[in-house]
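Trainee: Quick one: structure below, then a few questions.
Read-outs: derived from the displayed coordinates by stated rules, not from any lab. These figures come from a predicted structure and were not determined experimentally. Methodologically, a virtual Cβ is constructed for each residue, glycine included, from the backbone with ideal geometry; neighbour enumeration extends over all protein chains shown.
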Amino acid sequence: MILSRSLSRALSRAVVTAALTGAVLAPAAAVPSFADTASASRATAGTAGTAGPGAARATTVAASWPALRQGSRGVDVSTAQDLLAAAGHPVGADGTFGPATTRAVKGFQKSRRLTADGVVGPRTWTALAVTLRPGAEGRAVKALQRQLVQEGHRLAVDSVFGAGTGSAVRAAQRARGLSADGVAGARTWAALLAAPGSPAPGRPSGDPSALRKRIVATARGQVGVAEPSGCRTYLRDCARTAWCAAFVSWTWRKAGVPSAAVPKTLVAREVGLWGQRNGLFHRTHPKPGDIVVWGAPAARTGGHVGIVVAVHADGRVDTVDGNYGDKVALRKNIDPRTARTRSHAVSGYVSPRGA
């Protein structure tokens, strides 16, 4: 009995010592479980040459991660592909979940003793996520930058965690009520990757930042759609009217805004009037996901509308507009104070209700 107690004390001391020195006691293939926030972890382990200085594996947090499988497409797929490559399972980040990505996912899952089903679900996301801080470089940083750009932050996707990336991370954290330390830890990853319609960690259902993210992603996903398929998609009948107003309404509905809270008019300036009548119109401080209105709100023809997809530090905005040059177009670096579209100035913005 005395021997057992001595061994127990020795083992306890060994565990404490190992924790303080960063030694790894768990088997290498075990699912990682480190500190819950980036600031709490001082571990320096990570994928060599990818996560950069001070990177550590993220921990499990309560979140609704997107479920990705063969056939999935989009930015979240590119993010998973970048993180797989950062973890030593190379695959191209083309945004298409094909057979090569499925093989990479299964290989990663086997290496972490997860169910090798080829589906990127919560446990696989948790194992893939790495804590990233200023100075980090590589594919994991690129994955983070892709997610930030998708929700409207303007920064270079250059695989280098510099000042611009840090600023965007802090803005995203503030928008979600997280500690704005500029370090992308487990909770930040979970919030950025929260499945559409699901709450980010620590946020109530119907999170306005998630809704805005979906609006931006939906609008960006339509860039390049041209006549005649464009107006038929958003309007169905192109004979009598332009379709910029139809496009913004379609985008809001597609992103999950309730139909009753979406403008029904096909007149651009009347979208602004609808916003005024519903208390959703404002003249300054646009946010990604808002509708930008060109021309004074009125129940008359003329003017133009689009979706704000990025707001820059200097007040300029990027928008995605339907029926701009007979297609859905991405317009960059618009100065709302001086710019004109179809002879009209920006009169204001309409926000989705509750966002």
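Trainee: Could you give the nm distance between label points at V157 and R331, where each point is 7 Å from its Cα heading toward the beta carbon?
Mentor: For V157 paired with R331, the spin-label model returns 2.4 nm.
Trainee: Determine the shape class of region 223-350: with a ≥ b ≥ c the square roots of the Cα gyration tensor eigenvalues, call it rounded for a/c under 1.5, and otherwise prolate if a/b is greater than b/c, oblate otherwise. Show your work: numbers first, answer last.
Mentor: Details: a/c = 1.41, a/b = 1.22, b/c = 1.16.
In terms of gyration-tensor shape, rounded.
Trainee: Provide the gained length on full extension for the span R253 to R232, in nm with one decimal, where the gain is 0.36 nm per separating residue minus the Cα-Cα distance. Display every interim value, and only then the final one.
Mentor: Working: separation 21, 0.36 × 21 = 7.56 nm, distance 1.60 nm.
Stretched out fully, the R253 to R232 stretch lengthens by 6.0 nm.
Trainee: Here's something else I'd like to know. Which cross-chain or sequence-distant (5 or more) residues have an amide H under 5 Å from the amide H of T131, H modelled 1.01 Å from N in plane?
Mentor: Result for T131 returns A56, R57, A58.
Trainee: Next question, about the same structure. Taking region 256-355, which trypsin sites (Lys or Arg not before Pro) meet the DSSP loop condition and have no more than 12 other C-beta atoms within 10 Å? Mind showing how you got there, number by number?
Mentor: Numbers: sites: K264, R269, R277, R283, R300, R316, K327, R331, K332, R337, R340, R342, R353; in loops: K264, R283, R300, R316, R337, R340, R342, R353.
For trypsin sites (Lys or Arg not before Pro) across region 256-355 that sit outside H, G, I, E and B with at most 12 neighbouring Cβ atoms in 10 Å, the list reads K264, R283, R337, R340.
Trainee: Still on this structure: Starting from the Cα gyration tensor of region 109-182, take the square roots of the eigenvalues, sort them a ≥ b ≥ c, and report rounded, prolate or oblate (rounded when a/c is under 1.5, otherwise prolate if a/b is larger than b/c, else oblate). Provide the component values of the computation, followed by the final result.
Mentor: Details: a/c = 2.26, a/b = 1.82, b/c = 1.24.
It is prolate, given that a/c is not under 1.5 and a/b is the larger ratio.
Trainee: Given a Förster radius of 45 Å and the C-beta distance between A339 and R113 as r, what FRET efficiency does 1/(1 + (r/R0)^6) yield to the nearest 0.05? All intermediate terms of the calculation are to be shown ahead of the outcome.
Mentor: On the way: r = 55 Å, r/R0 = 1.23.
Once the sixth-power term is evaluated, E becomes 0.20.
Trainee: So what are the ³J(HN,Hα) numbers for region 110-127, from phi and the Karplus equation (6.51, -1.76, 1.60; θ = phi - 60°), rounded to whole Hz, Gly and Pro as x?
Mentor: Each residue's phi maps through the Karplus curve to give 4, 5, 10, 6, 9, 4, 7, 9, x, 9, 8, x, x, 5, 6, 4, 4, 6 Hz.
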